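J.: One structure, as structure tokens, below. Some questions next.
The values are calculated or read from the model by the stated rules, or taken from the named source; none is laboratory data. Predicted model only: the values in this text are computed from it and were never measured. All Cβ positions, glycine included, derive from the backbone under ideal geometry; neighbour counts span all protein chains shown.
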Amino acid sequence: MTFKTFIGLEIHIELKTKAKMFCRCAADYFGHEPNTHVCPVCLGLPGALPVPNKKAIELTIMVGQALNCQINSFSKFDRKNYFYPDLPKGYQISQYDLPFCKNGEFLNVKITRTHLEEDTAKLTHLRLDGKEVSLIDFNRSGVPLLEIVTEPDIKSSKQAKGFLKKLAQTVRYLNVSDCNMEKGSMRLEVNISLGKDRLPDYKVELKNLNSFRFAEKAIDYEIKRQRETLEKGEKPIQETRGWDEKRQRTFSQRTKEEAQDYRYFPEPDIPPIRLNEKEVTEIKNSLPELPEEKKQRFIKVYRLSEYNASLLTENIKTANFFEGSASLAQKEGIETSKIANILNNRKINISKISTGKFVKDILDEKNKVQIKDQDLDKIIKKVLENNQEVVKEIKKGKEIAIEFLVGQVMKETKGQVDPNHARSILREKIKSA
Ligand code: ZN
Ligand code: MN
């Protein structure tokens with residue numbers, strides 16, 4: 001039997017703001033002493049009042065615009081009620097029916113919504129003095145968190161991975177988040193179900209996917225598992241499953257609660273947010289050139305191959321280094337395609353070299369090659385004639401003396417020849433003399 005695969009993604013991304021979402025605590029919690037970036041607001045103490053971070057709202061709208069979303073001119077925050085130790089208030093401030101951004105499209109996948117919420121505290125489960133304990137670090141509590149939800153438009157693990165990679169690349173271009181899966185600044189949930197021809201009335205949610213590769217493997221495993229269940233005439237259970245990397249399979253974690261279980265209602269402590277057209281346009285105009293546009297421009301302006309342009313626009317740093325070098329190289333008459341090839345083929349550590357030095361090295365190399373073999377032959381002949389005593393010694397076996405001759409050749413060519421090349425020609429000549 002053949003089935004269609006329906007995959008939807010829910011992606012959480014921590015925003016790179018200075019302060020947290022609803023208080024003034026520093027948002028860069030990673031690697032800091034637990035519970036040092038906290039205050040009554042992000043600890044969820046009764047009576048503490050949240051004040052929304054304007055910058056986080058702007059960054060959310062930037063991402064929404066990059067994903068071709070409509071921006072709601074009127075939106076609000078809502079309380080999502082649930083009980084878990086990482087959430088001391090008993091609710092998360094999120095957005096429900098009026099998110100900042102909705103109805104977008106990115107790489108032919110429809111974006112349902114892009115909304116803003118607060119991150120929860122971080123739980124660490126471990127054994128302490130022989131007891132199982134859970135430690136809570138509130139440094140992460142209240143960090144601005146972007147949630148991007150797609151429609152179930154994705155058909156394969158490969159497409160999902162490609163989508164996620166491009167999304168992370170775009171968000172990094174916007175300088176909104178570093179999207180680091182290992183550090184948890186980007187987290188994934190995958191909804192997956194199989195149907196005869198249309199979306200079925202169940203879905204399995206995959207969690208604990210700590211890398212794109214795990215996501216890919218978990219999706220492939222689920223497609224196979226759900227197909228086998230359906231072929232037996234059964235319906236897969238609606239549930240949340242995790243990925244077990246050791247056993248290379250998904251496993252049941254819990255049956256899924258319905259949306260109404262969260263009893264969403266408007267956050268009474270934060271007034272609704274109105275955005276006028278001017279503000280939205282200003283944010284739109286502040287968007288940098290995005291990866292695909294940059295790639296197309298590189299192809300057109302610098303006459304690069306699609307392959308070279310893709311590699312060079314993978315991140316902004318490399319793209320900027322290339323452009324900086326290319327403008328210097330053009331003045332020296334070096335082709336930009338040559339710059340592109342060298343950057344992509346040799347492992348140039350761009351954080352350790354300036355564009356000026358990089359281009360100068362290429363120029364020096366070019367000049368060295370320009371000493372024609374004929375000229376080099378003449379110079380070597382002259383060096384051998386002028387140093388016949390040395391040649392005799394080498395012939396007697398004093399090999400090391402050849403270095404003197406190499407030195408003479410370097411001097412005569414003003415260092416514009418590769419010493420290894422000069423040495424091998426010298427050896428040949430002495431042998432055949
Ligand atoms: Zn705080
Ligand atoms: Mn969420």
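J.: Which condition does Lys347 not pass, out of (1) out of contact with any helix residue (DSSP H, G or I) (no Cβ under 7 Å at 6 or more places or on another chain); (2) at pLDDT 90 or above, if it passes all the others?
T.: All conditions pass for Lys347, except number (2).
J.: Which residues, taken from the stretch 281-298, are closer than 17 Å to Gln65 by Cβ, assigned to a helix (DSSP H, G or I) and either in contact (Cβ under 8 Å) with a residue 60 or more places away in the chain or in contact with a Ser or Thr (Cβ under 6 Å, 6 or more places away or on another chain) (or both)?
T.: Passing the criteria: Ile283, Lys284, Pro291, Lys294.
J.: Taking only the stretch 345-368 into account, find how many residues are closer than 28 Å to Val171 by Cβ and in contact with a Ser or Thr (Cβ under 9 Å, 6 or more places away or on another chain).
T.: 2
J.: May I pose another question? Would you pick out the residues in the stretch 101-125 that are part of a strand (DSSP E or B) and within 16 Å of ligand 1 (Cβ to nearest atom)?
T.: Of all residues in the stretch 101-125, those part of a strand (DSSP E or B) come to 101-106, 109-118, 122-125.
Selection gives Glu117, Glu118, Lys122.
For (1) free of Cβ contacts under 8 Å to residues at least 60 places away in the same chain; (2) within 30 Å of Asn81 (Cβ to Cβ); (3) touching a Leu at 6+ places or on another chain (Cβ under 8 Å), each residue gets a yes or a no:
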site	(1), (2), (3)
Tyr262	no, yes, no
Asp269	no, yes, yes
Glu279	yes, no, no
Lys300	yes, no, no
Glu314	no, no, no
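J.: Next up: Give the stretch 221-236 a look and list any residue that's outside any loop (DSSP other than H, G, I, E, B) and of a type outside the set (Phe, Trp, Tyr), or say none.
T.: Listed by number, the residues that qualify are Glu222, Ile223, Lys224, Arg225, Gln226, Arg227, Glu228, Thr229, Leu230, Glu231.
J.: Please work out if Glu118 is buried (at least 24 other Cβ atoms within 10 Å of the Cβ) and either assigned by TED's automatic domain parsing to the domain that holds Asp178 or within 16 Å of ligand 2 (Cβ to nearest atom) (or both). Before the answer, list the steps.
T.: On the way: buried (at least 24 other Cβ atoms within 10 Å of the Cβ): yes; either assigned by TED's automatic domain parsing to the domain that holds Asp178 or within 16 Å of ligand 2 (Cβ to nearest atom) (or both): yes.
Yes, satisfied.
J.: Scan the stretch 49-68 residue by residue and report those that are within 21 Å of the chain's Cα centre (by Cα) and away from ligand 1 (no atom under 16 Å from the Cβ).
T.: Glu58, Leu59, Thr60, Ile61, Met62, Val63, Gly64, Gln65, Ala66, Leu67, Asn68
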